[in-house]
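J.: Please find one structure pasted underneath; my questions will follow.
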Amino acid sequence: MNTITTLGKINNINSERKSIKEQYFEWMQDEMLEIAFQEYDDFLKIKETLTRIGIAVNNKKILYQSVHILQKRGKYYLVHFKELFALDGKDSNIDVVDIERRNAIAKLLVEWNLITIVNENQLEPMGHVGQFKVISFKDKRNWNLVPKYTIGTR
């Protein structure tokens, strides 16, 4: 049994990485990862930092941003770009690995003291840092940073 989907929540995920392939589930808006931070300036730091974290095509120096920060009704969320497509009512094939990656990136931002997670139970399933690349601030001019979603456009 690899995955049981219950109202969009993923339970009983087999821990063997090879068995977790494209396991899609019905995503629900309340599964967005709510975060908090100290000052408004932190929003801009988080937004910029997220542009440098994602899936890399190393030989072409392209980095595809995986996670965005979203402000909605006075709350802030870290969301995978596929969650943003779902919010817009577009088809989205969110899978376990996408949520793992979002959660691993969130954990990294917590370790860097940029954010806190409002409900830490939402950090499951957890991925690992090998699922994405982080480009240093000083090296970002050598990369083409490409968002898969642009907030504010439909």
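J.: So residue 55 fits all but one of (1) surrounded by fewer than 20 Cβ atoms within 10 Å (Cβ to Cβ); (2) among the β-branched types (Val, Ile, Thr); (3) closer than 17 Å to residue 30 by Cα; what number is the exception?
T.: (3)
J.: Now for a separate question. I'd like to know if the stretch 97-109 contains one or more residues that are without any contact (Cβ under 8 Å) to a residue 12 or more places away in the chain and among the basic types (Lys, Arg).
T.: no
J.: Mind checking which residues of the stretch 114-141 are among the small types (Gly, Ala, Ser), part of a loop (DSSP other than H, G, I, E, B) and modelled with pLDDT under 90?
T.: 127 - this is the single residue of the stretch 114-141 that is among the small types (Gly, Ala, Ser), part of a loop (DSSP other than H, G, I, E, B) and modelled with pLDDT under 90.
J.: Scanning for something touching a Ser or Thr at 6+ places or on another chain (Cβ under 8 Å), part of a strand (DSSP E or B) and under 19 Å from residue 108 (Cα atoms), does the stretch 71-78 turn up at least one residue?
T.: There is no residue in the stretch 71-78 that is touching a Ser or Thr at 6+ places or on another chain (Cβ under 8 Å), part of a strand (DSSP E or B) and under 19 Å from residue 108 (Cα atoms).
J.: Quick check: anything in the stretch 113-133 small (Gly, Ala, Ser), over 10 Å from the mean Cα position of the chain (by Cα), surrounded by fewer than 16 Cβ atoms within 10 Å (Cβ to Cβ) and closer than 22 Å to residue 145 by Cα? First the steps, then the outcome.
T.: If we filter the stretch 113-133 for residues that are small (Gly, Ala, Ser), which is where we start, we get 127, 130.
Filter again for over 10 Å from the mean Cα position of the chain (by Cα), leaving 127, 130.
Narrowing further to those that are surrounded by fewer than 16 Cβ atoms within 10 Å (Cβ to Cβ): 130.
Checking which are closer than 22 Å to residue 145 by Cα leaves us with 130.
Yes - at least one qualifying residue is present in the stretch 113-133.
J.: Would you check which residues across the stretch 31-90 are more than 28 Å from residue 141 (Cα to Cα) and basic (Lys, Arg) and list them?
T.: Selection gives 72, 73, 75, 90.
J.: Based on what the data block shows, is residue 110 assigned to a helix (DSSP H, G or I), more than 12 Å from residue 33 (Cα to Cα) and in contact with a helix residue (DSSP H, G or I) (Cβ under 8 Å, 6 or more places away or on another chain)?
T.: No, not satisfied.
J.: Right, residue 69: surrounded by 20 or more Cβ atoms within 10 Å (Cβ to Cβ) and either among the hydroxyl-bearing types (Ser, Thr, Tyr) or over 14 Å from residue 149 (Cα atoms) (or both) or not?
T.: Here the answer is no, as residue 69 does not meet what is asked.
J.: So, one more: Looking at the stretch 113-147 only, could you name the residues that are basic (Lys, Arg) and either in contact with a helix residue (DSSP H, G or I) (Cβ under 7 Å, 6 or more places away or on another chain) or closer than 20 Å to residue 100 by Cβ (or both)? Talk me through it step by step, then tell me what you get.
T.: First, the residues of the stretch 113-147 that are basic (Lys, Arg): 133, 138, 140-141.
The answer is 133, and nothing else.
J.: Going by the structure shown, is residue 139 of a type outside the set (Gly, Ala, Ser) and more than 19 Å from residue 49 (Cβ to Cβ)?
T.: no
J.: Here is a further query. Suppose the filter is assigned to a helix (DSSP H, G or I), surrounded by 17 or more Cβ atoms within 10 Å (Cβ to Cβ), free of Cβ contacts under 8 Å to residues at least 40 places away in the same chain and of a type outside the set (Val, Ile, Thr); does residue 86 pass it?
T.: No; evaluated as a whole, the condition is false for this residue.
The values are calculated or read from the model by the stated rules, or taken from the named source; none is laboratory data. Just so it is clear, the model here is predicted, and its values are computed rather than measured. Cβ atoms come from the backbone with ideal geometry, glycine included; neighbour counts cover every protein chain shown.
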